[in-house]
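The values are calculated or read from the model by the stated rules, or taken from the named source; none is laboratory data. Small disclaimer: the values here were computed from a predicted structure and weren't measured. Positions of Cβ are generated from backbone atoms using ideal geometry, with glycine treated the same way; all protein chains shown enter the neighbour counts.
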């Protein structure tokens, strides 16, 4: 869902990079999971302000600058059951990770390694044999995602392949 950045002020708030502010299930009272090194732990959101690069959050048990500094750089997640329900023909971008990427001629291009959230659009990172392909997640390149078969069908990506 995001990453905790640097502390703001003295009361435990942190600047936050939220990967998807639109349609986010993050709100006051939501329990999130944090990963620090190899350890996972949960905290509840006490304050959250969505404002792009100026988003900030304060979590339970984080009430001082020192507490916030201990959480700096930590990534956070939501459990799947906290996701908002999706409509017909909709999917979560995270569901594409690990999917096979094929072109319209059913030629295997690689596997989805990651989805990057950029200001203009999301980018699908495809791991090929020895390289990575970055495919913008827009109608010009994405034809269909078959969630059951874990296949992402793309078109017109020849110019993106080096």
Strands (runs of 3 or more DSSP E) (entirely within region 8-102) containing at least 2 residues that are free of Cβ contacts under 8 Å to residues at least 24 places away in the same chain and in contact with a strand residue (DSSP E or B) (Cβ under 8 Å, 6 or more places away or on another chain): 39-49
Residue ID - surrounded by the most Cβ atoms within 10 Å (Cβ to Cβ), chosen from residues in region 134-149 that are assigned to a loop (DSSP other than H, G, I, E, B) and within 18 Å of the chain's Cα centre (by Cα): 137
From the options 118, 148, 50, residue that is within 15 Å of residue 18 (Cα to Cα) and not assigned by TED's automatic domain parsing to the domain that holds residue 11: 118
In region 103-133, the residues that are surrounded by 10 or more Cβ atoms within 10 Å (Cβ to Cβ), in a loop (DSSP other than H, G, I, E, B) and touching a helix residue (DSSP H, G or I) at 6+ places or on another chain (Cβ under 9 Å): none
